[in-house]
Structures are given as C-alpha cells and as structure tokens.
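Asker: I have a structure I would like to understand better, so I am pasting it below and will then ask my questions one at a time.
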Amino acid sequence: MPLFDFKCSDCENDFEALTSTARIDDVECPKCGSKHVSRKISTFAVGRGGSSKSASSCETGTCPYVSPCANGMCNLN
C-alpha cells in the first residue's frame with residue numbers, strides 16, 4: 001500500500017496516510033477528523049544505475065534525476 005501526503009482544508013494540518021488508491025476518499029485528518037483533505041504532490045527517490053538520489057538532495061536545482069518543477073523552479077508554483 002502506498003504512503004500519500006495530504007493537507008486538511010479545515011485545520012491546515014499536513015499529514016501522511018498509508019492507504020490504497022481505492023480508499024483515498026475515506027482518508028480523515030488525524031488532527032481534527034475532517035474528510036476535507038487533498039492529496040499533495042510528494043517528493044520521491046529515484047534509482048539509477050545502482051544508486052539512488054532523493055529529489056530533495058539536488059541542491060543546485062539542476063539535478064538530472066528530477067524536473068525543475070519538482071524543485072520549485074518553474075513558473076507553475
């Protein structure tokens with residue numbers, strides 16, 4: 001089962017939930033119990049050639065493993 005990042009619309013709590021994609025609509029905020037939560041885009045690790053790099057480890061913004069938008073460097077943010 002995947003681990004998803006969520007944000008509660010009612011109390012602004014950021015949290016993670018281990019749930020199946022079929023049950024995403026059933027996720028409740030652990031802080032206030034609200035079902036008004038939205039799934040956030042998560043950073044993730046990418047393996048390449050036997051090593052892995054985390055998206056957050058690309059400090060220069062020119063990481064070959066992730067897109068510039070993943071580092072917050074595009075005009076969409």
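Asker: Pick from segment 7-30 the residues that are small (Gly, Ala, Ser) and out of contact with any strand residue (DSSP E or B) (no Cβ under 6 Å at 6 or more places or on another chain): which of them is surrounded by the fewest Cβ atoms within 10 Å (Cβ to Cβ)?
Answerer: Among residues in segment 7-30 that are small (Gly, Ala, Ser) and out of contact with any strand residue (DSSP E or B) (no Cβ under 6 Å at 6 or more places or on another chain), the one surrounded by the fewest Cβ atoms within 10 Å (Cβ to Cβ) is Ala22.
Asker: Where in the chain are the strands (runs of 3 or more DSSP E), entirely inside, with at least 3 residues that are at pLDDT 85 or above?
Answerer: Output list reads 3-8, 14-18, 37-39.
The values are calculated or read from the model by the stated rules, or taken from the named source; none is laboratory data. A quick note: this is a predicted structure, and the numbers were derived from the prediction, not measured. We place every Cβ from the backbone using ideal geometry, glycine too, and count neighbours over all the protein chains shown.
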